[in-house]
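S.K.: I'd like to ask you about the structure that follows.
We did not get these values from a lab; they are worked out from the coordinates using the rules stated. Values in this document were obtained by computation on a predicted structure and should not be read as measured data. FYI the Cβ positions are ideal-geometry reconstructions off the backbone, even for glycines, and counts take in every protein chain you see.
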Amino acid sequence: MRPLRLSTIALFALLFGAPAVSAQSAHDGASDPDDGLIRIALQAGHWRSIEAPDELARIRSNGTRGGGKEEWEVTLDIAERAAELLRARGYEVEILPATVPPGYRADLFIAIHADGFHSPSASGFSVAPPRRDATGRAAAFAEVLAGSYREATELRHRVATRRMQGYYAFNSRRYHHALDPSTVGVIIETGFLTSPLDREILLNAPDRSARGIANAVERFLPIPAVGANDSP
Ligand SMILES: [Zn+2]
């Protein structure tokens, strides 16, 4: 039975070994530009926020809540669904918790959050690039993401706040645990957890949120056709 056991192990390695190895290398922030992979980081807002380092002690919270869910449960669910869509389309995807590894690098970084308000009438989503963007491309991606998310969810597009533009993960001058300035990053508030209307999407149809995010990535950074990697 030895040959059978060996082939079972080989099959397991084939199915599960490769993704585990590449996820690890992406986690080092050591993105290898020569492997031809497009690396997408999806941050599940507030997920494992209790693990935030001292420099980010103020983010140790679960965020908002609504419909019996904490914000991190909702953002993680959307991130996982979007990751599945993107991996199926050939992207290398890493889901990040609230704490970004120091100097983190990826081709695109999307922080996924949900809003809350004291009135259930506040509704809609918003997208923001960093206030200071060294890449010069984040504003364009934010626009693509807003269009794609609106298409997929039919939620109202709200103007982003200054607070979103100053998101901690964008601020590498102030925080060690922040994106490398070469990473194109945006933040999306996917809707209000305190709005019954928005919860219809966030809790009852999260695949629509995930599709809006995945489609935006594909529009902004399409995977080159086979063979195109050979050109300089
Ligand atoms: Zn949040």
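S.K.: Counting other C-beta atoms within 10 Å, and keeping those with at most 12, which DSSP coil GluC sites (Glu not before Pro) do you find in the range 129-158?
M.R.: Details: sites: E143, E151, E154; in loops: E154.
Within the range 129-158, the qualifying GluC sites (Glu not before Pro) (loop, at most 12 other Cβ atoms within 10 Å) are E154.
S.K.: Shifting gears a bit: May I ask you to compute the full-extension gain from A88 to R132, defined as 0.36 nm times their residue separation minus their alpha-carbon distance, rounded to one decimal in nm? Mind dumping the intermediate values first?
M.R.: Numbers: separation 44, 0.36 × 44 = 15.84 nm, distance 3.27 nm.
Gain on stretching A88 to R132: 12.6 nm.
S.K.: Hey, what did the range 95-232 get for relative contact order, percent, Cα under 8 Å, at least 6 apart? Provide the component values of the computation, followed by the final result.
M.R.: On the way: 235 pairs, mean separation 52.9, N = 138.
Once normalised by length, the contact order is 38 percent.
S.K.: Tell me, what is the FRET efficiency for N171 and A139 to the nearest 0.05, using R0 = 22 angstrom and their Cβ-Cβ distance as r? Walk me through the intermediate numbers first.
M.R.: Details: r = 17 Å, r/R0 = 0.77.
It comes to 0.80.
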